[in-house]
1. State all residues of segment 17-55 that are part of a helix (DSSP H, G or I), crowded, with 23+ Cβ neighbours inside 10 Å and among the aliphatic types (A, V, I, L, M); if no residue qualifies, say none.
2. Mind checking which residues of segment 285-296 are on the phi < 0 side of the Ramachandran plot and either out of contact with any Phe, Trp or Tyr (no Cβ under 8 Å at 6 or more places or on another chain) or part of a loop (DSSP other than H, G, I, E, B) (or both)?
3. Return the only residue of D74, D114 being within 30 Å of D142 (Cα to Cα), of a type in the set (D, E) and either surrounded by 19 or more Cβ atoms within 10 Å (Cβ to Cβ) or touching a residue at least 60 places away in the same chain (Cβ under 8 Å) (or both).
4. Which of the residues spanning segment 139-169 are of a type in the set (S, T, N, Q), surrounded by 16 or more Cβ atoms within 10 Å (Cβ to Cβ) and under 23 Å from A109 (Cα atoms)?
5. Considering each of P299, P329, P234 in turn, give the residue that is within 17 Å of the chain's Cα centre (by Cα), within 30 Å of F165 (Cβ to Cβ), in contact (Cβ under 8 Å) with a residue 60 or more places away in the chain and in a loop (DSSP other than H, G, I, E, B).
6. Restricting the search to segment 281-329, which residues are surrounded by fewer than 21 Cβ atoms within 10 Å (Cβ to Cβ) and among the basic types (K, R)?
Amino acid sequence: MSIKTAFVTGPTGCIGAATVQYLIDHGIEHVVGMSRKRDLSRIDSEYHDRINFIEGDITNRDQVSNAITSTNPDTIIHLAAFQTPDCLANPLLGMEVNVTGTRNIVLAAKELGDSLQRLVLASSSAVYGHREMYPGDSIVTDVPYAPRNLYGYWKVANEGMAQAFHAETEIPTVSIRLSTCYGPGRDLGMTSAPTTLLKCVAAEQPFQMPYQGREHFHFVGDVGAGFAEVGISPFAGYGVFNLRGRTIHTSEYIELAKTAADELGISEPDISIADDAQSMPFANDLDDGESVASFPNMPLTEMSEGVRYSIMKFREMHLAGILDPEYRPGG
């Protein structure tokens with residue numbers, strides 16, 4: 001398998017930025033990103049001139065087809081999507097972006113024929129039901145679907161399209177399920193709250209978590225590396241995998257943030273769980289055994305390390321006057 005050109009949708013988002021940087025760092029010669037607008041603020045400046053940016057809308061089939069066929073990539077990593085609150089606030093538009101947009105990617109990928117070596121689609125832990133539905137210490141991927149919101153249903157549809165694409169083309173295809181991404185670059189969506197908390201620690205501002213419970217976390221660098229590794233590593237067939245991560249309770253997360261603040265010489269943070277905090281809505285304890293077996297280079301950063309690194313970076317931004325600690329849940 002020789003991957004020289006990668007096509008990434010949503011390259012300017014938190015996960016997309018981490019993905020394209022990892023691809024470049026690991027020898028991919030041509031990285032092409034497609035997004036509605038050219039906003040490279042989440043991508044380190046040293047990478048800006050190494051990304052071929054195509055402005056386009058994934059809901060426009062012609063734009064998607066032209067972008068993909070003109071690029072002729074070896075691997076496609078599809079990350080562009082509406083998050084949960086936006087799907088709830090704008091259900092039909094959410095369907096257009098998350099379902100029709102994915103359909104457009106899949107159909108354009110089919111046009112490439114055998115030249116395409118890999119198709120990777122972003123899925124979500126939202127395809128699962130309540131944690132109590134699944135006995136055992138962790139949730140494996142072959143359990144029944146039980147989405148609890150429209151976003152979850154759209155992701156189930158995407159996994160179905162991935163299976164259909166592989167069945168018809170026999171091109172290796174992978175769906176990756178993940179939960180809460182945290183760290184530098186995360187600034188939108190309901191589950192951006194844990195990252196906002198770290199920003200407020202760095203800015204010495206108070207923050208209360210709007211929800212609580214056991215939550216499955218992925219450090220942003222691991223998410224980008226995970227998607228990139230799935231896109232460039234040897235693999236055959238179709239598979240769905242849980243991205244590597246770790247589940248902890250909100251209270252433990254807050255303690256990690258307080259410890260990191262102390263280590264970094266930041267005054268004791270005013271962070272807590274809101275009195276009216278809702279329960280964490282997504283499943284946790286995602287099993288990553290099959291992920292590690294199939295993609296052994298998929299990394300996993302310790303929570304304490306990821307939290308400390310994030311606060312350190314946010315502190316640098318705060319002192320430079322460029323940190324925005326506002327919580328933007330979307331919707």
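1. Passing the criteria: A17, A18, V20, L23.
2. Listed by number, the residues that qualify are L286, D287, D288, G289, V292, A293, F295, P296.
3. D74
4. N158, T169
5. Unique residue meeting the criteria: P299.
6. Hits for segment 281-329 are R308, K313, R328.
Residue by residue, here is whether (1) at pLDDT 95 or above; (2) surrounded by 18 or more Cβ atoms within 10 Å (Cβ to Cβ) holds:
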| site | (1), (2) |
| --- | --- |
| N90 | no, no |
| E96 | no, no |
| N104 | yes, yes |
| A122 | yes, yes |
| C181 | yes, yes |
| G189 | no, yes |
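Residues checked against (1) under 21 Å from the mean Cα position of the chain (by Cα); (2) under 13 Å from V31 (Cβ atoms):
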{"position": "R50", "(1), (2)": "no, yes"}
{"position": "I58", "(1), (2)": "yes, no"}
{"position": "I68", "(1), (2)": "no, no"}
{"position": "A80", "(1), (2)": "yes, no"}
{"position": "T84", "(1), (2)": "yes, no"}
{"position": "A89", "(1), (2)": "yes, no"}
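The values are calculated or read from the model by the stated rules, or taken from the named source; none is laboratory data. Keep in mind the model is a prediction, meaning the values are calculated, not measured. All Cβ positions, glycine included, derive from the backbone under ideal geometry; neighbour counts span all protein chains shown.
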